[in-house]
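Notes to accompany the following structure.
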Amino acid sequence: MIKLILPVLFPSWRFFNRIGPSPRLEYGFGEQPSLWHEFRPRPQAVHWLTGLRRLFYNPQWNEYLFMTCCAERLLEESSQLLVDEIFARLLWAIAKGEIAVPEGEARLSFRVLIVERSATGVTRSLAYLANPINIRLELAAC
């Protein structure tokens, strides 16, 4: 029995093929967005009770991890299916009211940034920029 529990409690780093820089998703409004917003930014601090609850139930974080996985795969192989999936999740967040669309904006875009730590600090580099889509048409289709 202990042989079954130990790998769950102490996973091996060899489980991962590679450990690389972390992609971040940002969204912007307009044909050529000048202002970008991080999708579901990480909180600065979490109360310990909230952290304990999130160990067992945290659907927003699970969806964020899924979108991060889509972004990683998008960087490895450019696929319209992955782009459509990320746009669908962003449009769902708009429909739920999680993302507020600025007045008069009709276009939505996203980008994937690579965040890397080095001895000199944190660097953020653009890895992918999606072509904007029409929000109104896409929300009507949902």
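Rg and Dmax of the chain, based on Cα coordinates, read 17.9, 61 Å. A cut-off of 5 Å between modelled amide H atoms, ignoring neighbours fewer than 5 places along the same chain, links Tyr128 with Val112. Against the main long axis of the alpha-carbon atoms of the chain, helix 59-76 sits at an angle near 80°. Gap in Å between the Cα centre of the range 77-133 and the Cα centre of the range 31-50? Measuring centre to centre over Cα atoms gives 12 Å. Were the residues from Gln32 through Glu103 laid out at 0.36 nm apart, the gain over their Cα-Cα distance would be 24.0 nm.
Net length available on complete extension from Phe56 to Ser79 is 5.0 nm, with 0.36 nm assigned per residue and the Cα-Cα distance removed.
Among residues other than Met67 with Cβ under 11 Å from its Cβ, the summed charge is +1 (Lys and Arg +1, Asp and Glu -1). Model label sites at Ala127 and Ala95, defined 7 Å from Cα along the beta-carbon direction, differ in position by 2.8 nm. One chain, two ends: Val46 and Val115. Fully extended at 0.36 nm per residue, the span grows by 22.6 nm beyond their Cα-Cα distance. Loop exposure criterion: GluC sites (Glu not before Pro), DSSP state outside H, G, I, E and B, at most 11 other Cβ atoms within 10 Å. Applied to the chain, the longest stretch between such sites is 32-76. Ranked by the mean number of other Cβ atoms within 10 Å of their residues, highest first, the peptides 122-128, 51-57 come out as 122-128, 51-57.
Throughout, read-outs are computed from the coordinates displayed, never taken from laboratory work. Owing to the predicted nature of the structure, the values given are computational and were not obtained by experimental measurement. Every residue, glycine as well, gets a Cβ built from its backbone with ideal geometry; the counts of neighbours run over all protein chains shown.
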